[in-house]
Amino acid sequence: MKALLPLGLLLLSVTVQGKVFERCELARTLKHAGMDGYKGISLANWVCLARWESNYNTRATNFNSGDQSTDYGIFQINSRYWCNDGKTPSAVNGCGISCDVLLRDDISQAIQCAKRVVRAPQGIRAWVAWRDHCQGRDLTEYVRGCGV
């Protein structure tokens, strides 16, 4: 029985972790979903954004104590403006979705919501990590060797 406990804990941690994309896997997924050039934003920008927001992890969350909102998923989409988590005060839910769908291994709804975010006035500048780590930089390393 003792040997089963570590395996059970290992399976639990894998379940909680969710899908962590490889860089090129994400680049191919985003390209297939029409993200390359969407609203003039290159594929490398999207991959860079996901790297610095979630480290490519679909289950990433970050609580923002200042406004009591939470960022969800691979793009760290915020519950104050873009999704409903049932606990963020004065939430808008601009994407019309539950925040839980942003934590799925299938990122199709996260992609659709990210597209909605960049159609808003701030565009891709809505993401602080993109401004801090991607804006104005050579981002070719994010898609190099991916065949996209």
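Under 5 Å between amide H atoms, partner at least 5 residues away or on a different chain: which partners does THR70 have, H built in plane at 1.01 Å?
Hits under the 5 Å cutoff: ASN64, SER79, ARG80.
Using modelled amide H (1.01 Å from N, peptide plane; none on Pro or chain starts), what sits under 5 Å from the amide H of GLY94, excluding residues fewer than 5 places away?
TRP82, CYS83
Can you work out the FRET efficiency for the pair LYS19 and SER98, with r the C-beta to C-beta distance and R0 = 22 Å, to the nearest 0.05?
It comes to 0.75.
Given Cβ point charges of +1 (Lys, Arg) and -1 (Asp, Glu) and nothing else, what value in debye, to the nearest 20, does the dipole of segment 53-148 about its Cα centre take?
In debye, rounded to 20, segment 53-148 gives about 260.
Using 7 Å Cα-to-Cβ label points, what is the GLN122/ARG144 separation (nm, one decimal)?
3.1
Roughly how many Å² of CYS48 are accessible to a 1.4 Å probe, to the nearest 10?
Spelled out: CYS48, probe radius 1.4 Å, area about 0 Å².
Starting from the alpha-carbon convex hull of the chain, give the projected area averaged over all orientations, in nm².
Hull-based average projected area comes out at 10.6 nm².
Computing the accessible area with a 1.4 Å probe over protein heavy atoms, can you report the carbon and sulfur percentage for the chain?
It is 52 percent, rounded to a whole number.
For segment 55-109, calculate the relative contact order in percent as a whole number, restricting contacts to Cα pairs under 8 Å that are 6 or more residues apart.
30
Mean Kyte-Doolittle hydropathy of -0.5 or higher plus an axial Cα length of 18 Å or more: which whole DSSP H helices in the chain meet both?
Length and hydropathy pass: 4-17.
With unit charges on the beta carbons (Lys and Arg positive, Asp and Glu negative) and the dipole taken about the Cα centre of segment 67-148, which residue among VAL117, ASN84, CYS99 sits farthest to the positive side?
VAL117
The values are calculated or read from the model by the stated rules, or taken from the named source; none is laboratory data. Quantities reported herein were computed from a predicted structural model and do not represent experimental measurements. Positions of Cβ are generated from backbone atoms using ideal geometry, with glycine treated the same way; all protein chains shown enter the neighbour counts. SASA here: full protein model, heavy atoms, side chains in, ligands and nucleic acids out. Shrake-Rupley method; radii C 1.70, N 1.55, O 1.52, S 1.80 Å.
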